[in-house]
Structures are given as C-alpha cells and as structure tokens.
Amino acid sequence: MLVKRLLMMSVRGARIRLSAVAIAEDASIGATVGALSVVGGSGVYSFSITSDPDSKFDISGGNLITDAALDYETATSHQVTIEADNGVDTPLTATFTIIVTDVVEAGDEGTLDFSIDGNPLLGAI
C-alpha cells in the first residue's frame, strides 16, 4: 500500500518541462524552441499542442518547433499549451509563453552623424 501511495503522489506532482522559452525572430521554420519532458511522472509520454492561438508552433519528436515565421515587431511573445499523455494517468497540460527576441535586420542599423558647432567630422582625425 505504501508503494502505491508513493507512486500516486509522484504522478500527482508530475509536470511538463520545456528546456527553453526564447527564440530569435529570424529562426527558420522548423527550428527547435526547446525539448519537452515530464518531470515527476512515470512511463513514456507523447506530447501534443492543445492551444496555439497564433499558429506558430508544432511538435516534432519531443521538441517544440517553429511552424511559422516569427516577427518581434509584430509580437514579442506567443502562448502555446502542451498536453503530455502516457496512456495511463490523467494527461498533463501546461501553458508556456514563448519569448521572441529581437534581431537587428538589414537596414535597421541606423546612422550616426557627428558634428561640432554644425561642422561635420567626416574625414577628421
């Protein structure tokens, strides 16, 4: 009976883990966001997406991957809800906020003009 109780406590405390929650906006479609795993569970889990309002992600093997282009200027984060099921216990769900990091894009570098009293410093040492 003690063994059964400990196993039930372990399953009750199980949770889904994602190894990373940030990805650069210039990541290619199919790029890995992070590896999915279950901590404190038992058995082999399969993962599925139950909510992805912006349609940006997919699962390949045990990895959360991009399924569409990301753009920091449009959205700095996206939410995705993952379900993990081992076929025996009640499925686990977790919602993750994926952070999109900004990348300097061609043409966004900007220019700096230096002058003293209105006289440009071009060519000056």
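Under 15 Å from a label point set 7 Å out along the Cα-to-Cβ vector of Ala75, the amide N atoms of the range 32-55 belong to 50-55. If R₀ is 30 angstrom, what is the calculated FRET efficiency for the pair Ile59 and Ala24, using the beta carbon separation as r and rounding to 0.05? For R0 = 30 Å, the calculated efficiency reads 0.90.
The alpha-carbon positions of the range 12-62 define a convex hull whose volume is 93 Å³ per residue.
Any chance you could run the full-extension gain for Thr101 through Arg17? It's 0.36 nm times the residue separation minus the Cα-Cα distance, nm to one decimal. Let's see the in-between values first.
Working: separation 84, 0.36 × 84 = 30.24 nm, distance 2.06 nm.
Contour length minus Cα-Cα distance gives 28.2 nm.
Segment Ala31..Val44, full-extension length gain: 2.3 nm, with 0.36 nm per residue of separation and the alpha-carbon distance subtracted. Global size of the range 22-104: 13.5, 47 Å for Rg and Dmax (C-alpha atoms, Rg to one decimal, Dmax whole).
Computed from the coordinates by the stated procedures, all read-outs in this text should not be read as laboratory data. Since the model is a prediction, treat every value here as computed from it, not as a measurement. No Cβ is skipped: glycine too gets one built from the backbone with ideal geometry, and neighbour counts run over all protein chains shown.
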